[in-house]
Structure formats: structure tokens, C-alpha cells
Amino acid sequence: MLSHLSRLSLSFFADKCTTILQLKQVHAQMIVSSCIHDNFAASRLLSFCALSDRGDLRYALKLFENIRDPNVFMWNTLIRALASSSSPSEAVFLYMKMRRDGFVPNEHTFPCVLKAVCCIRSLESCQQVHSHVLKFGLIFDLHIVNGLVRGYLVSGDHKGARKVFDEFPERDLNLWTTLICGHVQNICADEALVLFNQMVEEGFEPNGATIASVLSACAQSGCLELGERIHAFMEEKGIEIGTILGTALVHMYAKNGSILKARCVFDSMSEKNVATWNAMICGLASHGHANEALDLFRRVEKGEVVPNDITFTGVLSACCHAGLIDAGQEIFYCMKRVYGIEPKIQHYGCLVDLLGRGAKILEAEELMKGMPWKVDVVMLGALLAACQNYGNIEVAERVAKKIVVLDPYNHGAYVVLSNMYAKAGRWDDVLRLRRMMKRQKLKKAPGWSLVDGDHSFHGC
């Protein structure tokens, strides 16, 4: 049927492939017709196989290995496909092989390589690619610079990202957004807000992605006033508050303690995803509105959205604050039974805290022993606080020993235990602990607070 097709015909059929089976048939005919080394047809086969949803990346790699003289387009096609795959490091290795084989990368190569670098978070790889970009004179390509800035940021090198950004003469909104978003993701909210102000001063008007990042920065840094101004800007410009921006607003208001405004935004949203519900439930829980958080969770249970592990962290935290032991235990044990979600250490921590607050100290201790996670200092500290509240010195001694093993310089465990001994009149034990703290040069750290003044925070 296809025995005497020309190279042009094979290229045509390669373009028309809609299934991997058809592609393999065309590939087989290329071999039979001695057209296997025709790069024009092979490029089209490779593109479908590597980039199409109906393709087969592993088959594309085998096909590529048998091409006698691949061109840069073919290299770029495979690097791009691997960068978006579950093994992005293979894209970096393929790029290295491309260089070893003497091929010169172009402006289409580096954005794909840098995407892979971002996925694997390799600073060394980012620096190497940066040197190659300079070598081939592509440092003024906007897409490449954007990839370099993102690569440095996800690798934790803020100075490297800022250097690339500052040296680029024609920055656009996308580049500003990449820089701001990267700082927010690295929990550098104050720097992100400074950058946002600089961006606005240079005449750039933020888009949805920029706004979402800045609202996250406002949530991290406690800048409610700026968050409110951004909300007003959105309303003034008629920017639609969809799921992403609505969730960002709910999170910002909730983190800043403005629960009524958070709830107002939440209730006004026509479409909500699980992140929106989580932001509202966690916000209510952290500010003592436990019953409202539970009411929202009941709506989740009725099928308004499928909960995830963060949803359960929020609602269990609400149960802790309200002392709802039965409800908390019921919710904890329904995670896996009803929703197939394995409890994580934070869920166990919430339940331990809840049981401790309800004077079920031995039950909390047994729960810690039986959990699949290694106990941490935070969980032990919660149980120790419960022991102090209810005067259970026996369990407190066991918990304090575990805390000291995990953190030998944790003065808090010694202080709590010493106070419990003093309250029980066990002065010899108080003296023994104080001598031990003195030998280890431990002392209670002074408390400190943050004060918001002139739109900046000061420790005191």
C-alpha cells in the first residue's frame, strides 16, 4: 500500500498522523523505502511522537537515536519534550550531549533547557546554562532572560536572579512578574513588595499574575493596607475576580486578621476551588472562629468540593482551638476511611494537641507511639504544654527527655519541667535541672514582638 511513496508523500503522511500506531506505520515505511535518514519527514515524526498528547516519548528517543544526522530542530524538540516530562533532568543531560556532539544551541534551545533547570532546582546547571547563553550572544533574548531569572530564583540564588534582571535593558511586565513571584515563593515578601513598587513607578500596570503574587506577599508580610489598595485597584479597573485572584484575596485578608472581608470575598465568588475553601477554613480556624470553620467543612462534606490534606489541617486546627475532641477525632479518622487521604504528621500533631487540651494525655502519648511518622519537637512541645496544664509530671518527664534528644539546646523543655517541679514542691529536682542548664550554658530566651510602624516592621 505504501511501498513506493516518495519522501514528500511520507512527510505528508507524517504530518497527518493522529495515533501512535499510524506514526509507527509511517516510520516502518520510511525504513523500507530507505527514507529513514530524510530529516524533513523524520522531524515531523519526531514532533508528533515527542510533543503530542497521543505520542510516545520513549519511542521518540529511540527514533532520534537512529537518525544519522539530527539537526538542531530535532534536538530542541526532544529537549522541550523531556523538560515537560516526569524526568526533566534528562533534558539537561540531552542538552549536554548536544554540546558534546558539536551542535550549536539557538534561541529556541535555552528556554526549554532552563525550564528543565527550574524543575530540578539546580543552581550549578543554571550557572552553566547562563555561561553558554553569554557565549552564544543570546543574553538579550527576553524569553531566555526570563528563564534565567526563574532558574536562579527557584535555585535560591536571589542575587544571581537580580543581577540578570538588572543587566537586561528592556524589561517587560512578564519579567517583573517572574522576579516578584520568585521572591514570594521563596518567602521574601518584603523584597517582593519593594520590587512591586519599583515596577509601578516605572509605569507598568500589574496583570492578574502580578496581582496574585503581590497579594501573597501581603499575606506573608502582614501588609493589609497595600492588600486593600490592590483590591480597590482591581475593582476600579474592572478586573474579574476569578478563582485564582479571589483565593489570593481571601488568603490575604484571612492572614491579616480581616476575617469579615475574607468571608465577604469568599461568599461573592461564583466559582471556588479547594484552595479557596482551604484559605477560608484555615483563616477562620487560626482566628478562633472554629464553629464557622466547621460549618464550611460540613458543606465540603456535602460535596461542594473534594477536600485535600490542607482542608483537614485547617478543620482539625479549628477543633483544637474550640476543644471539640469528639468532632476532631471523627474528622481525623474519616480522612483515610472516607476520602482515602493518609494523615500526615501535621494531622497527627493537631490530634495530639487536641487530646492534650482535653486532658487525654496518655491517649495522646499512645497516638504518637503508633503513628508512622517520626515524632518532632513541635508535637512533643504541645504534649508537654498539656502535661503542664494538667500537672502530669510522669508523662512530662518522658516527653522532655525526647525533646532534649531531638534538640539538646532546647531550654523550653527544661523550663517547663522545672516549673512543674516547683509547683509540686520538688525543689531538689528544680535545683538539679537548673544546674544542668547552667552546665550546658542554657538560658531562657527573651520574648520579642513585631511592631508595624511607617509600613515596615520592627522587632522589639
Problem set entry | Area accessible to solvent at Tyr339, 1.4 Å probe radius, in Å² | 70
For this session: Determine the order of Trp176, Trp427 by accessible area, beginning with the largest, at a probe radius of 1.4 Å.
Result: Trp427, Trp176
Exercise. Past the 23 Å Cα-Cα mark, which pairs from Lys360/Lys401; Lys336/Lys369; Lys401/Lys438; Lys62/Lys97; Lys360/Lys438?
Worked result: Lys360/Lys438
Problem set entry | For the stretch 130-142, Karplus couplings with θ = phi - 60° (6.51, -1.76, 1.60), whole Hz, Gly/Pro x | 4, 5, 5, 4, 5, 4, 9, x, 10, 6, 9, 8, 4
Problem set entry | Listed residues Glu201, Glu167 arranged by accessible area, highest first, probe 1.4 Å | Glu201, Glu167
Problem set entry | Residues of type aspartates and glutamates that Lys302 reaches as a straight line, Cα spacing below 18 Å, ignoring anything fewer than 8 places off in the same chain | Asp267, Glu271, Glu292, Glu330
Problem set entry | Overall Cα dimensions of the chain - principal axes, largest extent first, Å | 99, 53, 52
For this session: Can you tell me the dipole magnitude for the stretch 66-167 around its Cα centre, using point charges on the Cβ only (Lys, Arg +1; Asp, Glu -1), in Debye to the nearest 20?
Result: 140
For this session: With the convex hull built on the Cα atoms of the stretch 325-407, state its orientation-averaged projected area in nm².
Result: 5.0
Problem set entry | Cα long-axis angle, helix 290-299 against the chain (0 to 90 degrees, to the nearest 10) | 40
Seminar exercise, completed: Computed ³J(HN,Hα) along the stretch 351-366: with the Karplus parameters 6.51/-1.76/1.60, θ = phi - 60°, integer Hz and x for glycine or proline, the list is 5, 4, 4, 4, 5, x, 5, x, 6, 8, 6, 5, 5, 5, 5, 5
For this session: Would you calculate, for the chain, the mean residue ellipticity at 222 nm contributed by helices, counting each DSSP H stretch of 4 or more residues as -39,500 (n - 2.57) and dividing by all residues, to the nearest 500?
Result: -22000 deg cm²/dmol
For this session: Could you go through the stretch 273-283 in sequence order and give the Karplus-derived ³J(HN,Hα) for each residue, using 6.51 cos²θ - 1.76 cosθ + 1.60 with θ = phi - 60°, rounded to whole Hz, and x for Gly and Pro?
Result: 10, 5, 5, 5, 4, 4, 4, 6, 5, 5, x
Problem set entry | Relative compactness, the stretch 261-324, computed as alpha-carbon Rg over 2.2 N^0.38 Å | 1.00
Seminar exercise, completed: proj_area_mean for the stretch 123-166 (convex hull on C-alpha atoms), units nm², value 2.6
For this session: Over the chain, calculate the relative contact order: mean separation of alpha carbon pairs under 8 Å at least 6 apart, over the residue count, as a percent.
Result: 5
For this session: Just need the Rg to Rh number for the stretch 276-397, please, alpha carbons only, Kirkwood Rh.
Result: 0.98
Problem set entry | Semi-axis lengths, Å, the stretch 89-141, gyration tensor of Cα atoms, sqrt of 5 times eigenvalues | 16, 14, 10
For this session: Under 13 Å from the Cβ of Ile403, count the other residues' Cβ atoms, weight Lys and Arg +1, Asp and Glu -1, and hand me the total.
Result: 0
Exercise. Using heavy-atom solvent-accessible surface (probe 1.4 Å) with all chains present, what is the largest-first order of Tyr152, Tyr409?
Worked result: Tyr409, Tyr152
For this session: Quick one: accessible surface of Ser317, probe radius 1.4 Å, all protein chains present, in square angstrom to the nearest 10.
Result: 30
Exercise. In the full protein assembly as shown, how much of Arg171 is accessible to a 1.4 Å probe, in Å² to the nearest 10?
Worked result: 60
Exercise. Can you give me the Cα centroid spacing of the stretch 195-271 and the stretch 96-147 in angstrom?
Worked result: 34
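The values are calculated or read from the model by the stated rules, or taken from the named source; none is laboratory data. Note that the structure is a prediction, hence the values are computed from the model and not measured. We place every Cβ from the backbone using ideal geometry, glycine too, and count neighbours over all the protein chains shown. Just the protein is used for accessible areas: all its heavy atoms, side chains included, with ligands, DNA and RNA removed. Shrake-Rupley method; radii C 1.70, N 1.55, O 1.52, S 1.80 Å.
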